[in-house]
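See structure below.
The values are calculated or read from the model by the stated rules, or taken from the named source; none is laboratory data. Only a predicted model underlies this, so the values are computations on that prediction, with no experimental measurement involved. Cβ atoms come from the backbone with ideal geometry, glycine included; neighbour counts cover every protein chain shown.
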Amino acid sequence: MVKIILFLIPMFLYGGTDLYKTGKNLYFSKGCSGCHGISASGTNLYPALAHRRQPFLASKLKNYRAKQGTTQQSQMMIPFAMGLSDKEIDALTTFLSEYHEGRSNYKSDTSTRGDGGS
């Protein structure tokens, strides 16, 4: 019974799938897909965001919003994150962590990189 209640509380607070849809709309309207890809699977230059843990993504976005970037590439995120509210960050990270759009487009990183140094 407790598990059911804990599961339903976020749905009542955020509207369940509405938060996912809001995050999806933000992902495309804020231009995230331009660097991280339409399926959020990343590119050669920018990391994959789909299926990442929500607390990790939220922490990163909040750091960028606070103008904290540790590398030149991460500092590029600061202007994008500056205008995000906590609710928008929550929606974006919900969309990315629960990403289920066209699963056939998702590429997991199961490949080995390099040949072991030989």
Q. So, of the residues in the range 20-56 that are surrounded by fewer than 16 Cβ atoms within 10 Å (Cβ to Cβ) and basic (Lys, Arg), which turns out to be farthest from residue 94 (Cα to Cα)?
A. 30
Q) With respect to residue 92, is the statement that it is modelled with pLDDT of 95 or more, in a loop (DSSP other than H, G, I, E, B) and under 19 Å from residue 34 (Cα atoms) true? A) no
**Q.** Within the range 1-69, helices (runs of 4 or more DSSP H) holding 3 or more residues that are at pLDDT 90 or above and among the hydrophobic types (A, V, I, L, M, F, W, C)
**A.** 17-29, 54-65
Q: Can you run down the residue pairs with Cβ atoms below 6 Å, 6 or more apart or on separate chains, where the first is in the range 32-58 and on the phi > 0 side of the Ramachandran plot and free of Cβ contacts under 8 Å to residues at least 40 places away in the same chain and the partner is assigned to a loop (DSSP other than H, G, I, E, B) and surrounded by 16 or more Cβ atoms within 10 Å (Cβ to Cβ)?
A: 42/48
